[in-house]
1. Quick one: which residues, 5 or more positions from GLY207 or on another chain, have an amide H under 5 Å from its amide H? H modelled 1.01 Å from N in the peptide plane, none for Pro or chain starts.
2. Per 0.36 nm of contour for each residue apart, how much would the distance between MET186 and LEU58 grow if the chain were fully extended, relative to their Cα-Cα spacing?
3. Between LYS170 and ARG236, what is the label-to-label distance in nm when each label sits 7 Å out along the Cα-to-Cβ direction?
4. Going by the alpha-carbon gyration tensor, a ≥ b ≥ c the square roots of its eigenvalues, is the range 129-225 rounded (a/c under 1.5) or, if a/c is not under 1.5, prolate (a/b greater than b/c) versus oblate?
5. For every other residue with a beta carbon closer than 12 angstrom to the beta carbon of ALA263, add +1 if it is Lys or Arg and -1 if Asp or Glu, then tell me the sum.
6. Only helical DSSP H runs with n ≥ 4 go in: add -39500 (n - 2.57) per run for the chain, normalise by residue count and round the 222 nm mean residue ellipticity to 500 deg cm²/dmol.
7. If the elastic network links every pair of Cα atoms under 10 Å, which of GLY103, GLY90, GLY151 fluctuates the most in the Gaussian network model of the chain?
8. Using alpha carbons only, how many angstrom separate the centre of the range 292-333 from the centre of the range 212-287?
Amino acid sequence: MRHSLVVYPLAVALYLLCVGVTLTPGDALAEPFKCSICHKDLIRGSVPHKPVATGRCLDCHQQFNDNHPMGKDSMGFKVPKDKLCATCHGRLVQKPVLHKPVGLGQCTNCHMAHSAEVKSLLKDPSPTLCFRCHPQDHFTGAFTHKPVADGDCLACHDAHQSESKSLLRKPGSELCFMCHDRKLAMGKSVHQPVRNGDCVNCHQIHGGPYRKLLKDDYPTVLYKPFSYDAFPICFRCHDPKLAAEEKTDRFTKFRNGERNLHAVHVNKTKARSCRICHNPHAEVQERLIYPKTEGFGTWEIPIRFEATATGGGCSVGCHRTLRYDRVKAIEQQ
């Protein structure tokens with residue numbers, strides 16, 4: 001009898017094993033397998049990936065065979081790694097312009113898979129993260145765009161996708177008007193690049209050597225003798241002959257007959273600069289003419305300009321009313 005008492009439990013265990021039942025302490029079959037029993041350092045950072053924090057490892061991983069944990073390739077991803085993140089975050093890859101790592105499915109170039117010390121599981125905060133790929137010296141200069149100086153790349157760019165090139169949050173000047181006053185581009189006359197929403201025609205986006213982030217120098221002085229290199233930002237588009245030729249029938253509409261009135265203003269000993277008369281963005285008068293010119297102490301010189309089909313007239317605080325006509329020159333009294 002003593003032998004049968006010993007043999008009986010052993011026989012029962014062998015029987016259950018043969019029919020495919022495994023006895024586990026505490027009825028463990030009713031609980032999920034915990035990867036953290038072995039993988040204890042998955043959450044080292046203060047910001048965990050939500051599936052990791054809730055123990056849902058099998059949201060991403062899959063066991064391929066019974067050789068885990070000893071066999072190589074016994075565990076893997078549920079789908080190919082470059083498509084894995086999109087199974088949950090598919091909304092981040094729907095627009096036509098994708099950040100290169102996003103398009104290649106290389107999300108872990110920027111993000112940690114399990115946990116991180118930075119929000120959104122980023123490997124570094126912005127802009128340090130951006131400078132892992134984008135050379136930092138491309139974004140510095142004597143004058144720097146404020147979002148760039150603040151390291152706020154995402155003020156203008158989306159990290160994943162966009163409808164616009166360069167991952168911009170909005171196209172053209174619409175992006176600029178997220179911060180800058182839209183009235184800058186409103187008036188009776190609007191500078192063509194401004195009207196076209198092409199702010200980058202004149203301005204550097206990130207930074208550069210010239211004030212106002214301009215691509216070339218724009219002298220702020222009211223008086224500057226004319227030369228071909230005196231106003232380089234203006235002459236990126238405008239032909240300098242509009243001011244250089246004393247007589248012309250084509251280079252400027254600001255002429256009395258063939259007498260070039262631009263040349264009259266800029267080729268004097270006390271030569272007027274472009275900015276003394278013209279607003280580079282938009283103005284309430286024709287030809288971008290300021291209604292008042294600042295820079296003379298407390299006196300703002302009034303300018304009243306009226307355009308006609310073939311000329312115009314100008315009443316300025318510094319001279320009497322003068323009129324001009326391109327077709328039939330007006331003799332000045």
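The values are calculated or read from the model by the stated rules, or taken from the named source; none is laboratory data. Please read all numbers here as calculations on a predicted model, not as lab measurements. For neighbour counting, all protein chains shown are included, and Cβ atoms are generated from backbone atoms with ideal geometry for every residue, glycine included. Surface accessibility is based on the protein's heavy atoms, side chains included, excluding ligands, DNA and RNA. Shrake-Rupley method; radii C 1.70, N 1.55, O 1.52, S 1.80 Å.
1. HIS145
2. Values: separation 128, 0.36 × 128 = 46.08 nm, distance 5.67 nm.
Residue separation times 0.36 nm, minus the Cα-Cα distance, leaves 40.4 nm.
3. In this crude spin-label approximation the distance works out to 2.2 nm.
4. On the way: a/c = 2.48, a/b = 1.30, b/c = 1.91.
Oblate shape, in that a/c is at least 1.5 and b/c is the bigger or equal ratio.
5. Numbers: positive: LYS241, LYS247, ARG255, ARG259, LYS268, ARG272; negative: GLU245, GLU246, GLU258.
Summing Lys/Arg as +1 and Asp/Glu as -1 gives +3.
6. Details: 9 runs with 52 residues, N = 333.
Theoretical 222 nm ellipticity from helices: -3500 deg cm²/dmol.
7. Its mean-square fluctuation being the largest, the pick is GLY90.
8. For the range 292-333 versus the range 212-287, the Cα centre distance is 15 Å.
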